[in-house]
Each structure stands twice: as structure tokens, then as C-alpha cells.
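Below: the structure, in C-alpha cells.
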Amino acid sequence: MANDPIIALRAVTKTYGSGATAFQALKGIDLEVATGDFVAVMGPSGSGKSTAMNILGCLDVPTGGAFLFKGVPVEQLDRDQRALLRRRYLGFVFQGFNLLARTSALENVELPLLYRGEEKSRRRETAMAALAKVGLADWWDHTPAELSGGQQQRVAIARAIVTNPDVLLADEPTGNLDTTTSYEIMELLTGLNRDAGITVLMVTHEPDMAEYARTIIHFRDGLVERVEQGAAA
Amino acid sequence: MFFTTIILAVREIRRHLLRSFLTVLGIVIGVAAVVTMVTLGQGATAAVAEQISSLGANILQIRPGQGFGRGGGGAQAPDFAMEDVEAIEEQIAGVRAVAPQAQASALAVRNAANWQTTINGTTTQFFTAQQWQLESGRVWNDAEEQAGKAVCVIGNTVRQNLFRNDDPIGERFRIRDVACEVIGTLSARGQGGFQDQDDVVLMPIKAVQRRFSGNRDIRFIMVAVDDAYDTASVQSQIETLLRERRSIGPGEQDNFNIFDTRQISETLQGTTRILTAVMGAVAAVSLIVGGIGIMNIMLVSVTERTREVGIRLAIGAVASEVLMQFLVEAVVLACLGGLIGLLLALVVTFFLAPVIQVPFLFDPQINLIAFSVSALIGIVFGYFPARRAAALNPIDALRHE
């Protein structure tokens with residue numbers, strides 16, 4: 001797929017702290033992600049992959065260099081502008097699911113729509129459709145405590161895709177799940193990438209899961225070590 | 001968006017019902033205390049005003065001594081005599097009625113029933129001065145008044161306690177060793193504030209003087225001023241007259257005093273109003289303590305919900321939305337607490353008012369003020385925790401355990 005890059009990092013650095021205690025987590029990253037790609041980010045702990053994901057998710061800004069999201073220089077946006085960008089274009093899936101406790105699956109999925117100010121009936125309809133996409137339409141009124149880990153992650157994915165984002169960022173989405181469930185989640189992500197055309201960026205430790213990606217980026221010591229074609233390419 | 005925030009807040013409150021209730025308990029108690037205090041205080045003020053005005057409009061009370069009661073001139077302040085009453089009646093213009101009064105407290109007995117009451121010896125002018133109608137029977141005539149006959153007009157409370165459902169007219173009952181004939185009953189005036197006005201037996205003053213007090217002294221004189229005359233000028237004329245009659249030299253202090261009931265009423269109302277304000281202020285302190293309670297729980301809640309805030313921020317909530325969420329939550333909580341407090345105060349005052357014998361007066365103003373203050377407390381004490389939540393860094397918040 002020779003699409004325009006939806007994400008481009010140019011000589012991105014990130015330094016935490018200052019002076020003697022300063023720590024440089026990213027030492028100059030150049031990276032492009034094409035629209036519709038399925039990217040796995042791998043690397044040992046402390047390699048800078050989490051820092052990179054925070055920047056790619058517009059949660060954090062680089063210390064140096066440029067981050068272009070759809071051609072927009074994100075490093076020049078303020079906090080609220082980045083929040084609006086996340087609201088409009090990004091979806092997040094976390095290792096720990098991060099669903100709101102004591103809140104039904106439907107209400108969890110509705111949350112991003114609330115911030116978009118959509119009407120109640122439309123909100124309900126869209127959220128139910130997203131739950132149906134992850135195969136949990138019948139579980140809409142269950143709270144996270146009443147769902148299994150795999151189901152919780154499905155709800156989290158439904159929440160991430162309910163706004164039809166351009167990019168889905170998944171931070172070790174299978175890290176807390178058993179193997180069978182992990183494969184199910186990966187199939188779900190692959191399907192979303194293939195059918196809905198959502199660009200997926202996924203951090204993972206497990207080579208098995210990286211097999212689902214088209215592009216695998218290896219991080220080491222704050223630098224991109226190598227980029228390779230995944231098995232799915 | 002604002003409406004959405006309210007939905008979110010209500011959902012959050014519903015999810016933590018017990019915690020929410022404990023959070024607002026301070027506000028509930030504070031609002032209830034303020035509204036109860038002020039409502040009862042206003043009732044007391046109204047009761048005082050009503051009791052004094054029930055003495056009659058434009059009434060002057062003349063008593064021996066200085067100040068209330070018989071203080072000051074004490075031993076040197078003699079009671080009045082019937083001649084003083086006659087002098088006022090004849091020499092002062094603008095006097096509608098002059099009623100001397102001699103009082104005694106005594107036990108009234110009829111068959112098995114007995115009742116401790118006040119025997120008030122007076123003249124028929126008393127009824128004119130007080131504008132008090134009879135319910136049945138008649139007042140005593142001049143002959144009975146001159147003779148000091150043991151006839152009486154009884155108040156409603158005395159009638160109920162001695163006669164139950166019997167017709168008292170023409171019946172007799174005993175006060176000490178005197179047998180009194182009931183010739184009339186007074187119309188009921190009700191609970192006039194702190195004393196039951198209907199708990200009285202009226203008799204010709206000579207009868208009381210001769211049979212109960214054993215002297216010819218008059219304890220005080222009630223003067224009703226004609227509406228067309230100025231009460232203050234009548235008051236000063238009476239003062240001049242009585243100084244003369246009691247041989248008080250120039251420069252000497254009066255050994256009697258004249259009270260304008262309206263003046264007393266204003267003084268007493270002022271006092272109860274200040275008391276109400278003081279009690280209300282003390283109660284208001286508890287309202288502020290309630291506000292601090294809200295802030296305390298909201299701060300804990302923000303820490304506890306750090307991860308939730310992180311999720312919301314990651315999903316795309318802007319800082320002002322998170323701020324609004326927590327602020328609206330605090331305000332909705334505080335308003336709910338205020339409403340519960342108002343209801344509580346309503347119930348408490350409704351049942352407490354009869355117990356402490358003040359009328360139950362619902363004042364929309366104090367209710368509105370108390371409610372607004374609780375909303376304001378929600379804003380003031382909710383702002384700091386809300387700002388803290390809004391300032392959270394989404395990455396740290398998501399990592400928070």
C-alpha cells in the first residue's frame with residue numbers, strides 16, 4: 001500500500017528532567033506510518049517504545065524534532081488542541097483495559113461520544129453498533145467486574161473504535177490475557193484494520209502477536225534499531 | 001455539553017450513593033440547622049408581636065416602680081388607688097377606657113375539678129380597653145361592681161378545665177373560701193405566645209381587693225388611648241398628673257412607669273430578631289464545616305479516580321471538561337444536600353414549633369438563601385479539587401494505581 005504517511009516523526013527526541021539528572025528516552029527517531037498500515041512496535045523495557053507511543057498518541061510532546069499527524073505539527077499544539085485531536089482521530093486500547101468501574105459496557109463505550117456532544121439516542125445506537133462489532137451486543141449492561149478479561153478488552157476496543165478513528169493505538173493489548181484470548185483479540189484488531197481501514201499501532205512483547213502486523217519496528221536504547229516486514233505483509 | 005456534564009455527575013453520584021450521602025451530610029445538617037433556627041426565631045418574633053398586640057392597640061400600662069416589675073423605687077413605690085384611676089379618667093383628654101387591675105393567683109375548685117389560675121380584679125372598662133367580646137352571658141353591672149359581688153367572667157381555658165362540656169352560666173365554683181357565680185364566658189383568644197391569655201378569671205376589682213388581697217391597692221392601670229389622640233402626648237399628660245398626685249418634687253425620679261405597648265413590642269421584637277440572627281450565624285458555621293467536608297471527600301475522590309481522569313483525558317476530554325465534571329459533581333451534590341436539608345428543616349420545625357409554642361411560619365426567603373448558599377459552597381469548595389483533577393497529566397494518571 002503506497003499511501004501518504006498518516007504519521008511522520010522527524011528527528012524526534014525526548015528528554016525527561018533537566019541538568020545532571022536528565023534522561024534522554026528518545027535520541028532521534030525518524031519514522032513514517034502509512035495510512036491503513038498495521039504496525040507492531042517491539043523492543044525491551046527502557047528502549048523508548050512507550051515514550052514513542054505516548055508521543056504518537058498525542059498524549060506527550062517531543063522535546064526536539066517534529067511530529068506530523070496528517071501533516072499537522074503536533075508539537076506546536078497546546079494541551080487542549082491535542083485532546084481535541086485525540087477525540088477526533090485516535091482510539092486507545094490499554095494493557096490494563098482501563099474501563100470505568102461500576103459502569104456498564106454500553107456507558108463505557110458511549111463515553112467518547114459524550115465528549116463529542118452527540119444526542120442520547122444516536123449515542124446509544126452508535127455504541128451498540130460498536131459493541132456488536134466486537135461481538136458483545138448481548139453484554140451491553142454488564143459492568144467490567146462481570147466480564148472476563150477478554151471481554152473487557154473487547155469493550156475497550158469497542159470504545160476505541162466507536163468514533164471511527166483514523167488510528168488505533170494499542171499498548172500491549174494482549175499483555176494481561178491468556179493465549180487463546182490473545183489470538184481472538186488479534187483477529188479482531190486485524191479485522192478492524194482490514195475492513196474499516198483503521199491504521200493500527202500496537203506495542204507488544206510477544207513475537208506471536210507481532211506476526212499479525214504488516215510492519216514491525218524494533219526499538220533499542222532510544223533509537224529505531226530496524227524496521228521489518230511482518231508475516232501479514 | 002453542560003447538560004452532558006450534569007448527566008455524568010448524576011451517574012457518578014448514583015454509583016456511590018453511600019459515599020455521596022456521607023459527603024453531603026455536613027451540608028444537610030448545616031442547611032437544616034440554619035433554616036430551623038431562623039424559622040423558629042421568626043416564629044418567636046411573631047409570637048411576641050402578637051402577644052403584645054393582643055393587649056390591645058394604643059394601650060398604656062402604668063405600673064408602680066421603675067423599669068419592668070417593681071425594681072428601682074421598690075419599697076418607696078406605693079401601688080395606685082381607685083382615686084388615681086378616676087383622676088386619669090376625668091382629667092386626661094383622649095382616654096377611651098381606664099381599667100385598674102388587682103391580681104391574685106389562686107386555685108379554682110369545682111366538684112372534683114380544680115385549676116390553678118389568675119384572678120384578675122378590674123372594672124367593666126377592661127372589656128372596652130381590650131376590645132374583648134363575651135362568648136356567652138353578661139358582664140357585671142354597676143351595682144355588682146360597687147358591691148364587690150363574687151361574680152365572674154371566665155376565660156376559655158378555665159371553662160374547659162372546670163366545666164368540661166357543661167354550661168357554666170349560673171354555676172358556682174370556689175376560689176379559696178369564696179363561692180363565685182359565673183355570669184359570662186370570654187371568647188377564646190388562643191395561645192398568645194408565651195402565656196395562655198384564656199387562663200383567667202375576671203371579677204369586679206372590689207371583690208378581689210376585699211376577698212383575696214385584703215387591701216385597696218391597685219397593682220397596675222391599663223389606659224386605652226382614643227385613636228384620634230397621640231399616644232405619646234397622652235402618656236406625658238398622665239405622667240404629669242401622677243407625679244402631682246404622688247407628690248414627686250421637681251428633679252426627683254418617677255416612682256411609677258408608663259409603657260406604651262407598641263414600644264415594648266418593638267423592643268422585644270428587636271431582641272428576638274437579634275437572637276435569631278445570632279442562632280442563625282452559629283448554624284451557618286456548621287454549613288461552612290459541611291462545605292469543607294465536601295472538599296475533603298472530593299479531594300480523596302480525585303485521587304481515587306486519577307486513573308478515570310486519565311482515561312477521560314486520553315479519550316479526548318479537554319481540561320475544562322474534566323474541571324466542569326468535578327465542579328458540577330460537587331455543586332449537584334451540594335444542591336442535593338441543600339434540598340435534603342430544607343426538607344429536614346421543614347419536618348423539624350413543623351413538629352418542634354408546637355412543642356416550644358411558637359407559630360410555624362414558612363419563610364420562602366430563608367429557604368431560598370440557604371439553598372443558594374449550599375450551591376455556592378459546592379462551587380467554592382468543589383473548585384479546588386476539580387482544578388487538581390483537570391491539571392493531571394494523562395500519562396501519569398493512566399499509570400496511577
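The values are calculated or read from the model by the stated rules, or taken from the named source; none is laboratory data. What you see is a predicted model; the values in this text were computed from it and never measured. Cβ sites come from the backbone with ideal geometry, for glycine too, and all protein chains shown count toward neighbours.
One residue stands out among those in region A:107-127 that are surrounded by fewer than 18 Cβ atoms within 10 Å (Cβ to Cβ) and assigned to a helix (DSSP H, G or I): the one that is farthest from the other protein chains (Cβ to nearest Cβ), which is A:125.
Among the numbered conditions (1) crowded, with 19+ Cβ neighbours inside 10 Å; (2) more than 8 Å from chain B (Cβ to nearest Cβ), the only one that residue A:141 does not meet is (1).
All conditions but one from (1) buried (at least 22 other Cβ atoms within 10 Å of the Cβ); (2) assigned to a strand (DSSP E or B); (3) in contact with a helix residue (DSSP H, G or I) (Cβ under 8 Å, 6 or more places away or on another chain) apply to residue A:68; the one that does not is (1). If you check residue B:334 against the conditions, is it at pLDDT 90 or above and either within 30 Å of residue B:309 (Cβ to Cβ) or assigned to a loop (DSSP other than H, G, I, E, B) (or both)? Yes: the conditions hold for residue B:334. Filtered by the rule that a residue be over 21 Å from residue B:316 (Cβ atoms) and in a helix (DSSP H, G or I), region A:133-151 gives A:137, A:138, A:139, A:145, A:146, A:149, A:150, A:151.
Pairs needed: first member in region B:238-258, touching a residue at least 24 places away in the same chain (Cβ under 8 Å); second member anywhere, in a loop (DSSP other than H, G, I, E, B) and hydrophobic (A, V, I, L, M, F, W, C); C-beta distance under 7 Å; at least 6 residues apart or different chains. Close Cβ pairs satisfying both conditions: B:238/B:92; B:241/B:92; B:254/B:248; B:255/B:77; B:255/B:248; B:256/B:77. Contact map, region B:288-315: residues that are under 20 Å from residue A:60 (Cβ atoms) paired with residues that are among the hydroxyl-bearing types (Ser, Thr, Tyr) and in a helix (DSSP H, G or I), Cβ distance under 9 Å, separation 6+ or inter-chain. Pairs shown: B:312/A:115; B:315/A:115. Scan region B:6-28 residue by residue and report those that are over 15 Å from residue B:337 (Cα atoms) and either under 39 Å from the mean Cα position of the chain (by Cα) or within 9 Å of chain A (Cβ to nearest Cβ) (or both). B:7, B:8, B:11, B:15, listed by residue number.
Every residue, every condition in (1) aliphatic (A, V, I, L, M); (2) in a loop (DSSP other than H, G, I, E, B), yes or no:
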{"site": "A:10", "(1), (2)": "no, no"}
{"site": "A:14", "(1), (2)": "no, no"}
{"site": "A:29", "(1), (2)": "yes, no"}
{"site": "A:32", "(1), (2)": "no, no"}
{"site": "A:45", "(1), (2)": "no, yes"}
{"site": "A:52", "(1), (2)": "yes, no"}
{"site": "A:58", "(1), (2)": "no, yes"}
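Just one residue in the set A:154, A:88 is basic (Lys, Arg), more than 22 Å from residue B:396 (Cβ to Cβ) and within 13 Å of another protein chain (Cβ to nearest Cβ); that residue is A:88. Between A:176, A:193, the distinction of being in a loop (DSSP other than H, G, I, E, B), among the polar types (S, T, N, Q) and closer than 27 Å to residue A:100 by Cβ belongs to A:176 only.
Just one of the listed residues (B:300, B:332, B:322, B:358) is within 14 Å of another protein chain (Cβ to nearest Cβ) and among the hydrophobic types (A, V, I, L, M, F, W, C), namely B:322. Just one of the listed residues (B:378, B:337) is in contact (Cβ under 8 Å) with a residue 24 or more places away in the chain and in contact with a Cys (Cβ under 9 Å, 6 or more places away or on another chain), and it is B:378.
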